[in-house]
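**Q** My questions all concern the structure below.
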Amino acid sequence: MKHIKIALIPGDGIGPEVIAEGVKVLKAIEKMDSDISFSFTTFPYGCEYYLENGRMMDEDGIEKLKEFDAIYLGAVGYPGVPDHISLRDLLLRIRKEFDQYVNLRPISLLNPSLTPLKSRTEEDIDMLVIRENSEGEYAGAGDWLFPGKPEEVVLQTGVFSRKGTERIIRYAYEEARKSNRSLTSISKGNALNYSMVFWDSVFEEVGKEYPDVKTFSYLVDAASLYFVSNPERFEVVVTSNLFGDIVTDIGAAITGGLGFATGANINPEKAFPSMFEPVHGSAPDIAGKGIANPIAVIWSVSQMLDFFGESNWGKAVLTTIKDLLREKDYHTKEIGGSASTRQVGNRFVEKLIKSMSP
Ligand code: NAD
Ligand code: IPM
Ligand code: MN
C-alpha cells in the first residue's frame, strides 16, 4: 500500500475553487485503487491569513510542511497584499526552502481546437520546459540605494552558482536522453555577459557527457518567437528561472491559456516535499464566480502521480483530460464554453471512473 501525505494550500482567489476539483480526482483514484491512499491536511496560508496574522504562514510553517510528501497548491497573491510579500514569503519561500530546483512545465496541446495558432496539431506542440527553480533573478539578492534621492539605484542580482546551474542542466540532459528527445537551452549570452555566458558554457560542458543528445541553443527573444512561429522545434527545453517563467506563459498561450498549464516543483532527491500547482495565479478578475478552468490543477494530479511512481494513474488522468476536452459542453468560459469549475471536475471524475471500469 502506497500512502501519500498531502499538504493542501488552496491559497487565494480561484486557488480554492480549482483545488477542490483536484482533490475530488485524488479521492476518486483512492476509491478505485486499493493499493494507494492519500491523506489531506489543509493549511489556510495566503493573503487572508496575512491580513489577520501579519505573516503568510505560521512561524513554524516550513517545519510543519516538511512532514508531508507533497504540497498541492492553488494560487497565491491578491490585491490588498503587495505581491512581493505574498509570493516571496509563501510560494517562492517553499520552492527555495525545500530545494525544489526543478520546475517541470509540460507544454502540450491537449486538443487541436485550443491553440490560437493556425493549423497546428498535438504533434507540433508537445514539449517539456525544465525551468531552473531555485536561483537566477529570483535569488532575492540586490540592494536599494539612496531611496528617493537623485542618485537612487536599485540592483537585482541574478545568482547562477556552479552547483545550481549544473544540476538543472544535467537533469535536462538526462530527461532528453531517457525520452530520446532533443534538448534546447534558452539563454541570453549576447547581452547578459556574466550569467548567460556562464550558463551557455555549462550547457556545452555537460553536453560532452551526452553525445547522443541532439542540442540546440537559442537566445530567449528568438526562442519566444519560435514558440509561436515554430513550436515543433522544441522537445525538451532547459532555461533559467526568469526566462522559464516567461516562456511557459507563452507556452500556455499557444495551448489554450493558463487554464491548461501545470507545473511540478520537484526536489528530485525527495529530501523535502515537492509541490504541485497550476502555472496560473489567483485570477482576481474571475475569482468567486465558479468559472475558473480546473484542467491545469487536474493535470497537476497527473504530475504528482507520475512523480510518486504511479505513472499508470498519471497517464489515465491525462488521457481523461484529453477525452473530456472533446466534449464542448464541458468547456469553461475563457475558451468559449459555459461549464462551471465544478461541472468540469464532476464530469472528469465520472469519465475517469468509467474509463477504469471493465
Ligand atoms: P493570473 O494567472 O492570475 O491571470 C492571468 C489571466 O489568466 C487572467 O485573465 C485570468 O482570468 C486568466 N486565468 C488564469 N487562470 C485561469 C483559469 N484557471 N481559468 C480561466 N482563466 C484563468 O495572473 P495575474 O492576473 O498576473 O496575477 C494575479 C495574482 O496571482 C497576482 O497576485 C500574481 O502575483 C499571482 N500569481 C500567482 C501564481 C501562483 O500562485 N503560482 C502564479 C501567477 C501569478
Ligand atoms: C509562476 C508564477 C511565479 C513565478 C510568481 C507568482 C512568483 O508566475 O509560478 O509562474 O514567477 O515563478
Ligand atoms: Mn509565471
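Since every read-out is calculated from the coordinates, none of them should be taken as a lab result. Values in this document were obtained by computation on a predicted structure and should not be read as measured data. Cβ coordinates were reconstructed from backbone atoms using ideal geometry, including for glycine residues, and neighbour counts include every protein chain displayed.
**Q** Which of the GluC sites (Glu not before Pro) found in the range 146-184 are loop residues per DSSP with 11 or fewer other Cβ atoms within 10 Å of their Cβ?
**A** Counting only loop positions with at most 11 other Cβ atoms within 10 Å, the GluC sites (Glu not before Pro) in the range 146-184 are 151, 152.
**Q** Cross-link list 178/270; 66/322; 66/328; 24/328; 2/66; 24/66: which exceed 30 angstrom alpha carbon to alpha carbon?
**A** 66/322; 66/328
**Q** Please name whichever of 49, 244, 338 sits farthest to the positive end of the charge dipole of the chain, dipole taken about the Cα centre and charges placed at Cβ: Lys and Arg +1, Asp and Glu -1.
**A** Looking along the dipole axis, the top candidate is 338.
**Q** OK, next. Taking neighbour counts of Cβ atoms within 10 Å as a proxy for exposure, in what order, fewest first, do 120, 131 appear?
**A** Numbers: 120 17, 131 27.
Going from sparsest to densest Cβ surroundings: 120, 131.
**Q** Okay, next question. How large is the Kirkwood hydrodynamic radius of the chain, counting all unique pairs of alpha carbons, in Å? Walk me through the intermediate numbers first.
**A** Values: mean 1/r = 0.0475 Å⁻¹.
It works out to 21.1 Å.
**Q** Quick one: compute the contact order of the chain, relative version, from alpha carbon pairs under 8 angstrom and 6+ residues apart, as a percent.
**A** Values: 709 pairs, mean separation 77.2, N = 358.
In percent, rounded to a whole number, it is 22.
**Q** Quick check for me: using +1 on Lys/Arg Cβ and -1 on Asp/Glu Cβ, what's the dipole size of the range 105-260 about its Cα centre, in debye to the nearest 20? All intermediate terms of the calculation are to be shown ahead of the outcome.
**A** Details: 16 positive and 23 negative charges, 44 e Å.
Rounded to the nearest 20 debye, it is 220 debye.
**Q** Going Cα to Cα from residue 333, which lysines come in below 17 Å? Please leave out same-chain ones fewer than 8 positions away.
**A** The qualifying lysines are 289.
**Q** Let me ask something additional. What length, rounded to one decimal in nm, is gained on full extension from residue 48 through to residue 200, with 0.36 nm per residue of separation minus their alpha-carbon distance?
**A** Between residue 48 and residue 200, full extension yields an extra 50.5 nm.
**Q** Using label points projected 7 Å from each Cα along Cα→Cβ, tell me how many nm separate residue 67 and residue 162, to one decimal.
**A** Roughly 4.0 nm, to one decimal.
**Q** Moving to a separate point now. Where in the range 209-230 does the label zone of residue 119 land, with the point 7 angstrom along Cα→C-beta and an amide N cut-off under 20 Å?
**A** Only 226-230 fall inside the zone, counting backbone N under 20 Å.
**Q** Considering only the chain, what is the antiparallel percent among its DSSP beta bridges, to the nearest 5?
**A** 40
**Q** Another question about this same structure. Along Cα→Cβ, 7 Å out, is where each label goes; now give me the distance between the ones at residue 328 and residue 354 in nm to one decimal.
**A** So the label points at residue 328 and residue 354 sit 1.9 nm apart.
**Q** Would you list 221, 89, 285 from fewest to most Cβ contacts within 10 Å?
**A** So the residues, fewest neighbours to most, are 285, 221, 89.
**Q** So what is the relative contact order for the range 1-43, in percent, with contacts set as C-alpha pairs under 8 Å and at least six apart?
**A** Relative contact order, the range 1-43: 69 percent.
**Q** Could you give the size of the charge dipole of the chain about its Cα centre, using +1 on the Cβ of each K and R and -1 on the Cβ of each D and E, expressed in debye and rounded to the nearest 20?
**A** It works out to roughly 860 debye.
**Q** While we're looking at this one, here's another question. Between residue 216 and residue 155, what is 0.36 nm times their sequence separation minus the Cα-Cα distance? Round to one decimal in nm.
**A** Contour length minus Cα-Cα distance gives 18.8 nm.
**Q** By its C-alpha gyration tensor, with a ≥ b ≥ c as the square roots of the eigenvalues, how is the range 105-260 shaped: rounded for a/c under 1.5, else prolate for a/b larger than b/c, else oblate? The partial results should precede the final answer.
**A** Details: a/c = 2.43, a/b = 1.38, b/c = 1.76.
Cα axes put the range 105-260 in the oblate bin.
**Q** While we're here: Add +1 for every Lys or Arg and -1 for every Asp or Glu among the other residues with Cβ under 14 Å from the Cβ of residue 85, and state the total.
**A** On the way: positive: 55, 88, 93; negative: 12, 48, 83, 89.
Cβ neighbours under 14 Å give a net charge of -1.
**Q** Give, as a single signed number, the net charge of other residues whose beta carbon lies under 11 Å from the beta carbon of residue 356, with Lys and Arg counted +1 and Asp and Glu -1.
**A** On the way: positive: 31, 351, 354; negative: 33.
The answer is +2.
**Q** Also: For the residue pair residue 177 and residue 311, what label-to-label distance in nm results when each label sits 7 Å from Cα along the Cα-to-beta-carbon direction?
**A** Those two pseudo-labels are separated by 1.6 nm.
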